[in-house]
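Step one of this worksheet: look at the structure below.
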Amino acid sequence: MLALKRIVTVAVMIYLLLALLFVLVPAVRTSVMGMGTGLSVLEQERQFYYTMFVVGAVLLALHLITENLDSVLLRRSVSQHEMRINELKAKLYDLQQRASAPVGVPTARTIDGRVTDAPVVESRPASPVTITELHSPNAAPQTTSPQNDPSLPNTPPVDRQPL
């Protein structure tokens, strides 16, 4: 198909060059027109342009047909390759799923659905917390308030570390 497309493209280019030559150089046009039958000059010119039109229309139709055929064949080839790629991706995914999760071994999943190798840890119910533990000074972690944090710019200049 590619060879036919190239042949038609070359024929169209040659036709365009000859048509430009005939249109732009009247001496060449009259000498080519005079090769035919012994018609009048007006009739020879009419016959010449009619022949040029028919040849051009045939070449244009042939060019359009070959281009569309080539385009259809390329699209079909691309879709076949994409289907083959999807099949291979599916096989690879299946193989990875079989290899990463042996039967009977629980696995953990991340938020986005990936499987990790760490086993699932079952959580036990927390022991009851007494009121005295809640009111103890070590019950909650101590946080630094923004006014006392030396890394923030709202602290007094005395407490700030030099840059």
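Structure data summary
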| quantity | calculated |
| --- | --- |
| Where Glu87, Glu45 fall by accessible area, highest first, once all protein chains stay in place (1.4 Å) | Glu87, Glu45 |
| The range 45-54 - phi-based ³J(HN,Hα) in whole Hz, Karplus 6.51/-1.76/1.60, Gly and Pro as x | 5, 4, 5, 4, 5, 5, 5, 4, 5, 5 |
| Overall form of the range 5-95 per C-alpha gyration tensor (a/c, 1.5; a/b vs b/c) | prolate |
| Hz values of 3J(HN,Hα) by residue in the range 57-63 - Karplus curve (6.51, -1.76, 1.60), Gly and Pro given as x | 5, 5, 5, 5, 4, 5, 5 |
| Computed P(r) (all Cα pairs; the range 42-84; 5 Å bins; percent) | 5, 21, 12, 14, 10, 9, 9, 6, 6, 4, 3, 2, 0 |
| Taking the C-alpha atoms of the range 7-48, convex hull volume expressed per residue in Å³ | 75 Å³ |
| Heavy-atom SASA rank of Asp112, Asp94 (probe 1.4 Å, accessible area, largest first) | Asp112, Asp94 |
| Theoretical gain in end-to-end length, Leu17 to Tyr50 [0.36 nm per residue, Cα-Cα removed] | 10.1 nm |
| For the range 68-84, Karplus couplings with θ = phi - 60° (6.51, -1.76, 1.60), whole Hz, Gly/Pro x | 5, 4, 5, 4, 5, 5, 5, 4, 5, 5, 5, 5, 5, 5, 5, 5, 5 |
| Inter-site label distance for Arg109 and Met35 at 7 Å from Cα along Cβ, in nm | 7.7 nm |
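The values are calculated or read from the model by the stated rules, or taken from the named source; none is laboratory data. Everything numeric in this text was worked out from a predicted model, so none of it was measured. Counting neighbours? That spans all protein chains shown, and the Cβs are built from the backbone with ideal geometry, glycine included. Note: areas computed on protein heavy atoms with side chains; ligands, DNA, RNA excluded. Shrake-Rupley method; radii C 1.70, N 1.55, O 1.52, S 1.80 Å.
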